[in-house]
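Below: the structure, in structure tokens.
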Amino acid sequence: MISIKNLNKNYGSTVVLKDMNLELGSGRIVGLVGPNGSGKTTLLKILAGLTSDYTGKVLIEGSEPGVDTCAIVSFLPEKTYLSDWMRSVDAIDYFNDFYADFDRLKANEMLTQLRLNPKQKIKTMSKGMQEKLQLTLVMARNAKVYLLDEPIAGVDPATRSLIMDALLKQYCEDSLMVFATHLISDVERIFDQVIFLGFGEIKINEEVDRIREKYGKSVDEVFREVFSCLVSL
């Protein structure tokens, strides 16, 4: 589904992604984990077709990220992008008009699951409520690839569990989900595979069960050990 070969991305003299090679298939939920500034957001923006000034080869179902792949990729950015005047129902109308693969019934179901009022204006919502609404819109598309950038950063631990349950219920088993986060303990239960990204390079890329078996620890515990060592270098 996703093929990355010798990907490099710099911002001026700062190296963000360094000689990255990665293959990801469908039917998987992949955790993309790493500390702030590790390159997670940049990688997702490249896959979403929002950043094109890189070197190397990036393919999604055989096509470079762009207009064609936008039809099969559903991207959740880290920052809120919806207009303040909108209500949840207005945002759903907007997505329904814009995306051919948008499922209004699925969106309404997620609104109920995540306890959002369809008539509430976005400007009156908390950050966590806005994140839940954006996640609803992204997951209500019947896409082949879902790219989620820190979707739970602004919500409390109890709500994170609610969101994970909603994600699992709405996730299509034939699609690929890449879930970028640094809050691993709350979400690792839904991951099939985890990529540890540090300083623009892949440090670990393994099945979750294999990581637990290999290290005898949770993914979160391994993450803390790996990156505490990297930071101290």
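Below, the figures for the structure above:
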{"item": "Percent of alpha-carbon pairs separated by more than 21 Å within the chain", "result": "56 percent"}
{"item": "Added length on full extension, which subtracts the Cα-Cα distance from 0.36 nm per residue, N21 to D209", "result": "65.5 nm"}
{"item": "Sites N8 and C172, calculated FRET efficiency, Cβ-Cβ separation with R0 35 Å, nearest 0.05", "result": "0.60"}
{"item": "Taking region 1-117 and dividing mean pair separation by its residue count, relative contact order in percent (alpha carbons under 8 Å, at least six apart)", "result": "22 percent"}
{"item": "Solution diffusion estimate, µm²/s, Stokes-Einstein, region 1-128, Kirkwood Rh from C-alpha pairs, 10 °C, viscosity 1.306 mPa s", "result": "94 µm²/s"}
{"item": "For F75, distant residues with modelled amide H under 5 Å away", "result": "L147"}
{"item": "Extension gain (nm, one decimal) between A71 and R115, 0.36 nm per residue minus Cα-Cα", "result": "13.0 nm"}
{"item": "Per-pair calculated FRET efficiency, R0 = 25 Å: F98 and L59 via Cβ, rounded to 0.05", "result": "0.50"}
{"item": "Whole-angstrom gap from region 25-46 to region 131-170, using each part's C-alpha centre", "result": "15 Å"}
{"item": "Lys, Arg +1 and Asp, Glu -1 on Cβ, resulting dipole of region 141-233 about Cα centre, debye, nearest 20", "result": "40 debye"}
{"item": "Amide proton proximity set for R87, modelled H, under 5 Å, gap of 5+", "result": "I122"}
{"item": "Shape category assigned to region 124-233 from the gyration tensor of Cα positions, a/c cut at 1.5", "result": "prolate"}
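Only the coordinates and a few stated rules stand behind these numbers; no lab work does. These figures come from a predicted structure and were not determined experimentally. So basically every Cβ, Gly included, is an ideal-geometry build from the backbone, and we count neighbours across all protein chains shown.
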